Amino acid sequence: MSKLNNFKKDESGASAIEYAVMAALLVVIIVFGVTLLGSGDSETAGIGNALGKIGDKLEATSLE
């Protein structure tokens with residue numbers, strides 16, 4: 001019976017699961033961001049191109 005009580009009190013497994021869930025969520029966010037800014041003939045390629053144009057304009061104005 002004491003082994004069962006010790007198992008219920010041990011929270012190290014719960015924290016490992018929480019870290020795994022956070023890591024999985026981070027991977028999903030990174031993949032979504034890369035897909036959103038990706039290049040190609042998709043609908044979202046415009047966002048990457050727009051950010052590239054903004055960078056080009058900032059470089060042009062800083063050189064003047």
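The values are calculated or read from the model by the stated rules, or taken from the named source; none is laboratory data. Everything numeric here is computed off the predicted structure, so don't read it as measured data. Neighbour counts run over all protein chains shown; Cβ positions are idealised from the backbone, glycine included.
Points worth noting:
- Scan of segment 41-64 for residues that are within 26 Å of the chain's Cα centre (by Cα), of a type outside the set (A, V, I, L, M) and at pLDDT 75 or above, ordered by number: GLY52, LYS53, GLY55, ASP56
- Listed by first and then second residue, the pairs with beta-carbon distance under 9 Å, at least 6 apart or on different chains, first residue in segment 19-33 and on the phi > 0 side of the Ramachandran plot and free of Cβ contacts under 8 Å to residues at least 12 places away in the same chain, second surrounded by 10 or more Cβ atoms within 10 Å (Cβ to Cβ) and among the acidic types (Asp, Glu), form an empty list.
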